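**Q** Just dropping this structure here.
The values are calculated or read from the model by the stated rules, or taken from the named source; none is laboratory data. These figures come from a predicted structure and were not determined experimentally. Ideal geometry is used to build each Cβ from the backbone, glycine not excepted, and the neighbour counts take in all protein chains shown.
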Amino acid sequence: MRGHTRAGAAMKLVTRLVVSHAAVAVIAGGATLLVVRQLAPLLFDERVRRLGQGAGGAMGTLRQQMASAVDQSLLIGVLVGVAGATVTGAIAAYRLVRPLRQVREAARRLADGDYSHRVPLPHDRELADLAHDVNELGKSLSDTETRRTALISDVAHEMRTPLTVIDGYLEGMIDEVIPTTPAQLDLVRAETRRLRRLAADLSTLSRADEGRLAIHPVPMDLGAVVAGAARRLIPQAGEGGVQLEVQPGPGPVWVQADPDRIAQIVTNLVGNALHATPSGGIVTVGLELTPQAALVHVTDTGVGLAPEDLARVFERFFRAPGGAYPGSGVGLTIARTLARGHGGDLYAVSDGPGRGCTFSFWLPLATAANGIPRGV
């Protein structure tokens with residue numbers, strides 16, 4: 001719809017430019033005609049008067065005088081018409097060029113990193129739409145820069161905590177203050193895994209941005225992969241007092257996909273749902289079939305999302321207010337990139353804060369030509 005609106009606006013601008021050029025031509029022609037109609041009779045009368053004072057006024061001389069009067073009036077008319085057209089064209093050009101210069105200045109400032117500059121909205125609707133888009137671009141870049149700065153701070157904090165724990169334990173073990181037991185080493189390993197997970201998230205996002213995210217699709221039973229990935233998080237759900245229900249659906253659901261990547265999506269969504277759901281809540285993983293696609297739903301009874309955050313929660317580095325979905329702020333971005341890399345998509349639905357949320361991703365079903373195993 002927005003594309004049709006932009007196309008219509010462009011056509012309106014083209015129409016207005018054509019009309020303005022036509023108006024200039026009409027003004028020039030009208031001015032010429034008006035001057036000729038006013039001057040030609042006067043000049044002709046003057047020529048006739050002079051001719052009458054001469055030698056009897058021959059017809060040939062009369063024609064010459066008439067042609068001379070018309071030529072002179074046409075010349076004056078053209079000059080007046082050109083002057084009028086020039087003034088009209090200059091006014092039209094100024095009304096068009098001035099907003100474009102402001103847009104150009106705003107683009108230059110955006111390129112220089114000044115995201116606070118805004119373009120005044122001109123009166124012309126089409127140019128106002130262009131200025132509005134540039135202002136929205138500046139606002140989006142400003143928000144991205146703010147999130148990037150916050151991410152650097154958050155990543156530094158995320159790294160500082162496990163590194164401090166690891167350093168403390170290792171120093172205590174070296175000084176023999178802390179015993180070197182499997183239990184103590186397991187704590188160090190847990191913090192090391194936190195660092196590895198953070199590094200993996202950032203590396204995956206970087207590869208996704210560069211279009212180097214490896215996906216190796218094979219024929220697979222989506223229900224089995226989803227159920228296996230979700231059930232691995234049952235211990236984590238139990239630690240938080242959350243009930244995790246897995247409903248894989250009846251029978252195999254064949255898709256052409258990368259099992260590891262699909263498991264990564266499910267793990268990400270279920271992990272987020274567990275973080276967003278307080279003790280006593282429920283997280284449900286279900287599977288739905290349509291004629292062309294299979295949908296995986298991860299529904300929680302947690303903090304929910306505001307309507308304006310349903311789309312933004314997938315933006316990189318974005319964190320919903322209240323810490324509903326903690327982490328590095330790139331997990332959902334990666335999950336949606338993976339879903340789209342399989343020809344599907346990922347979206348969120350929520351009735352509002354405090355009313356839970358459902359994250360759903362869909363994949364196209366496999367056909368006999370592209371992946372259903374024989375005998376199924």
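**Q** For the stretch 228-262, name all the residues that are surrounded by fewer than 18 Cβ atoms within 10 Å (Cβ to Cβ) and small (Gly, Ala, Ser).
**A** 228, 238, 240, 241, 249, 251 - these are the residues of the stretch 228-262 that are surrounded by fewer than 18 Cβ atoms within 10 Å (Cβ to Cβ) and small (Gly, Ala, Ser).
**Q** Filter the stretch 289-307 for residues that are touching a strand residue (DSSP E or B) at 6+ places or on another chain (Cβ under 7 Å) and modelled with pLDDT under 90; which is surrounded by the most Cβ atoms within 10 Å (Cβ to Cβ)?
**A** Once the filter is applied, the top-ranked residue is 305.
Listed here are the residues, each with its yes/no results for (1) assigned by TED's automatic domain parsing to the domain that holds residue 334; (2) in a helix (DSSP H, G or I); (3) closer than 30 Å to residue 340 by Cβ; (4) modelled with pLDDT under 85.
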site	(1), (2), (3), (4)
123	no, no, no, yes
132	no, yes, yes, yes
140	no, yes, yes, yes
159	no, yes, yes, yes
191	no, yes, no, yes
195	no, yes, yes, yes
198	no, yes, yes, yes
204	no, yes, yes, yes
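**Q** Read through the list (1) within 17 Å of residue 262 (Cβ to Cβ); (2) at pLDDT 80 or above; (3) in contact with a Leu (Cβ under 8 Å, 6 or more places away or on another chain); (4) not hydroxyl-bearing (Ser, Thr, Tyr), then give the number of the only condition that residue 213 fails.
**A** (2)
**Q** Check the stretch 264-286 and report whether any residue there is surrounded by fewer than 16 Cβ atoms within 10 Å (Cβ to Cβ) and either in contact with a His (Cβ under 7 Å, 6 or more places away or on another chain) or within 15 Å of residue 338 (Cα to Cα) (or both).
**A** Within the stretch 264-286 (the criterion being surrounded by fewer than 16 Cβ atoms within 10 Å (Cβ to Cβ) and either in contact with a His (Cβ under 7 Å, 6 or more places away or on another chain) or within 15 Å of residue 338 (Cα to Cα) (or both)), the answer is no, since none of the residues qualifies.
**Q** Is it the case, given these coordinates, that residue 150 is modelled with pLDDT of 80 or more and in a helix (DSSP H, G or I)?
**A** no
**Q** What do you reckon, is residue 245 in the same structural domain as residue 275 (by TED's automatic domain parsing) and not in a helix (DSSP H, G or I)?
**A** Criteria met by residue 245.
**Q** In addition: Give me the pairs: first residue in the stretch 331-344 and more than 15 Å from residue 256 (Cβ to Cβ), second residue modelled with pLDDT of 85 or more and of a type in the set (Val, Ile, Thr), beta-carbon distance under 7 Å, and six or more apart or on different chains, which are they?
**A** Close Cβ pairs satisfying both conditions: 335/265.
**Q** Could you please let me know if residue 98 is under 30 Å from residue 313 (Cβ atoms) and at pLDDT 75 or above?
**A** It is false that residue 98 is under 30 Å from residue 313 (Cβ atoms) and at pLDDT 75 or above.
**Q** Kindly check whether there is at least one residue in the stretch 239-251 that is closer than 30 Å to residue 353 by Cα, out of contact with any His (no Cβ under 6 Å at 6 or more places or on another chain) and in contact (Cβ under 8 Å) with a residue 60 or more places away in the chain.
**A** no
**Q** Of all residues in the stretch 239-259, how many are out of contact with any strand residue (DSSP E or B) (no Cβ under 8 Å at 6 or more places or on another chain) and modelled with pLDDT under 90?
**A** 4
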